[in-house]
Amino acid sequence: MKTKKILIITFSFLLLFFFGLFLGKYVQSKEMKKIVYVDFLTEEITVEETEHKYQFLPKELSDYICQMCSELEIDSDLAIAILMQENPQVNLDATHRNENGTIDLGLWQLNDKYLYTEFSKNFWQFENVELNAFDWKHNTFIALHQIEWLQSRLKVFDDVVCAYNCGIGATMNRTIPESTKVYLSRVKNNYNLLKAKEIVK
């Protein structure tokens, strides 16, 4: 009788263990990042007069952003509104030293503290391609995947924009700095102009 009880208890524990393992794998799969794979053969950005959506940007860049945004299911106008605030000169080699000592790098001004840690770990799954912050395709790939990741978690436009600037932690905790509130206002203005098609080349 005692042996039977022990067997029942052991079997119950095993069932619970495997159920927990299955549940953990299921939750993990639901949390997996959405990754769009692209060809990273870098093309030189040139100014062309041919028709493309964002005429104030080089055609290659405009087309690349539109394609990725479509595949990631994010609003390209939101992405462009952020880019216009981050790097209005569209300088591929831009750097900016922050007060905390970190440096923002490249086209989308990706923070070096996170670029080669969280960002590369979460989104960069190309074993044979070394991430280069100043390659406009690499930089855009990371930035748009970060926007998609923030959008999937925060849902709200204002929160996504704030989190891109000051981080998801500060945004969720509502410890948003004044500089980010100014940033949000400018991005929203860019976005509204884009939607009204008032930004021209």
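Results, tabulated for the structure shown:
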item: Tally of residues being surrounded by 13 or more Cβ atoms within 10 Å (Cβ to Cβ) and free of Cβ contacts under 8 Å to residues at least 24 places away in the same chain across segment 162-176; result: 10
item: Condition check for LYS181: open to solvent by 60 Å² or more (accessible area, probe 1.4 Å), touching a residue at least 40 places away in the same chain (Cβ under 8 Å) and assigned to a helix (DSSP H, G or I); result: no
item: Scope segment 107-161; condition of a type in the set (D, E, K, R) and either assigned to a helix (DSSP H, G or I) or open to solvent by 30 Å² or more (accessible area, probe 1.4 Å) (or both); matching residues; result: ASP112, LYS113, GLU118, LYS121, GLU127, GLU130, LYS137, GLU148, ARG153, LYS155, ASP158, ASP159
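Table: residues versus (1) modelled with pLDDT of 95 or more; (2) open to solvent by 20 Å² or more (accessible area, probe 1.4 Å).
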| residue | (1), (2) |
| --- | --- |
| LEU23 | no, yes |
| VAL36 | no, no |
| GLU51 | no, yes |
| ILE65 | yes, no |
| ILE80 | yes, no |
| ASN87 | yes, no |
| ASN91 | yes, yes |
| THR95 | yes, yes |
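The values are calculated or read from the model by the stated rules, or taken from the named source; none is laboratory data. Please read all numbers here as calculations on a predicted model, not as lab measurements. Counting neighbours? That spans all protein chains shown, and the Cβs are built from the backbone with ideal geometry, glycine included. Side chains included, ligands, DNA and RNA excluded: accessible areas come from the protein's heavy atoms. Shrake-Rupley method; radii C 1.70, N 1.55, O 1.52, S 1.80 Å.
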